[in-house]
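Trainee: One structure follows; several queries about it will come next.
The values are calculated or read from the model by the stated rules, or taken from the named source; none is laboratory data. Predicted model, so just to flag it, every value in this text is computed and none were measured. Positions of Cβ are generated from backbone atoms using ideal geometry, with glycine treated the same way; all protein chains shown enter the neighbour counts.
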Amino acid sequence: MPIPFHTAPHADEELRGALAGLLDGLPPRQAAGAVERLITHYRGKVPTGAPVLRDRADVVAYAAYRMPATFEAVRAALGALADRAPGFDPADHLDVGGGTGAAVWAAAGIWGDGGERTRATTVLDWAEPALALGRELAGTSRSAALRAVEWRRARIAPGGELPAAELITVSYVLNELTEDARHGLVDAAAASGRAVVIVEPGTPAGYERIIEARGRLIDAGLRVMAPCPHGDTCPIEPGSDWCHFAARVGRSSLHRRVKGGSLAYEDEKFSYVAAVRPEVAGTAAGARIVRRPQIRKGQVLLDLCAGPDARRGGLRRETVTKRHGPAYRAARDADWGEEWDGGRDDGRDGERDAGRDEA
């Protein structure tokens, strides 16, 4: 899996098991038709207030088709936050626009139930069928935090406030909002959360929404923990590229029927930002791998985004060869989305610098 994360046991297995029974009694043609309509909706421009999930058939199709991908993307983003702020273990979690609850399952996968106390979790969404199914799914879990989630119907509106929470997640929501509502939600999350994690599809448009949200979080006084190694302007030139990552997702039989594919997995592309209030201890990564590593004979090419304090900040390509010893072995095992420390502990920084090429 491209992005490393801490994970509590059973969260992903439990979710897969809970989803497996959802399609029982739902005619395959009806499920496939609902999924096709939701895909069209998901890829288009959606005005705020448009009813996406109209009934249980829609919600079941959505959960079976999209929930595993959302879960893996959010779990990866939360895992990156946990890696950079290892002392952070949120006592409460607010998931805005959470629908069937993929993000609360992801949080349980990273931090378990919250140590000695059970994490207080609230999911806000205005689609009652989604909340009902989320409650049903969470009720099957062994996690006390998941079983105790409060599923609250609420509409996202410009200028609205959010309850205070140590962790606020907003995943795959910004695309469904008007510009004013989008700005208002990000600002409200920044004002109410100690840590804010926002995830969007890994498309150019999704990246633009993340960059916009990132700027508003920084302006509100939060520090970026991931994926960026810094809080300065993104070094990617607008319109030339976009920053995104991938999470491996197991395909259900419904996925394969609708997409006409035979592979047992797919990669969910996503963009994200994780930011914290100043009092949350943690440091951003020194550098992050922003493309799939290119493994060639005797060398590995790593495309990196590095912090402003690095000897070569911004975007760069680092070439790690066999002569770099442990660093070369680490580079061969490295994945897209991981942090990269340059293998400094092998004592060969000078040789490695000689192998660096500008991206």
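Trainee: Inspect all residues belonging to the range 296-314 and state whether any of them is at positive phi, outside the structural domain of P229 (by TED's automatic domain parsing) and loosely packed, with under 15 Cβ neighbours inside 10 Å.
Mentor: yes
Trainee: Of all residues in the range 301-314 being modelled with pLDDT of 90 or more and of a type outside the set (D, E, K, R), which is farthest from A287 (Cα to Cα)?
Mentor: Within the range 301-314, the match that is farthest from A287 (Cα to Cα) is L301.
Trainee: Also, quick follow-up: Restricting the search to the range 207-235, which residues are surrounded by fewer than 20 Cβ atoms within 10 Å (Cβ to Cβ), of a type in the set (A, V, I, L, M, F, W, C) and touching a strand residue (DSSP E or B) at 6+ places or on another chain (Cβ under 7 Å)?
Mentor: Hits for the range 207-235 are I218, V224.
Trainee: I need the full set of residues from the range 91-112 which are farther than 17 Å from R147 by Cα and either surrounded by fewer than 24 Cβ atoms within 10 Å (Cβ to Cβ) or outside the structural domain of A132 (by TED's automatic domain parsing) (or both), in order please.
Mentor: Residue satisfying the conditions is G97 alone.
Trainee: Looking at this structure, is L78 surrounded by fewer than 24 Cβ atoms within 10 Å (Cβ to Cβ) and either over 30 Å from D341 (Cα atoms) or in the same structural domain as T169 (by TED's automatic domain parsing) (or both)?
Mentor: Taking the combined requirement at face value, the residue does not satisfy it.
Trainee: In the list A130, A107, which residue meets the criterion of being assigned to a helix (DSSP H, G or I) and touching a strand residue (DSSP E or B) at 6+ places or on another chain (Cβ under 8 Å)?
Mentor: It is A107.
Trainee: Further question on the same structure: In the range 191-206, which residues are buried (at least 22 other Cβ atoms within 10 Å of the Cβ) and of a type in the set (A, V, I, L, M, F, W, C)?
Mentor: A195, V196, V197, I198, V199
Trainee: Please state which of the following conditions V199 fails to meet, knowing it meets all the rest: (1) without any contact (Cβ under 8 Å) to a residue 40 or more places away in the chain; (2) in contact with a strand residue (DSSP E or B) (Cβ under 9 Å, 6 or more places away or on another chain).
Mentor: (1)
Trainee: Considering only residues that are in contact (Cβ under 8 Å) with a residue 24 or more places away in the chain and part of a helix (DSSP H, G or I), look in the range 143-169 and name the one that is surrounded by the most Cβ atoms within 10 Å (Cβ to Cβ).
Mentor: Among those residues, the one meeting the criterion is L146.
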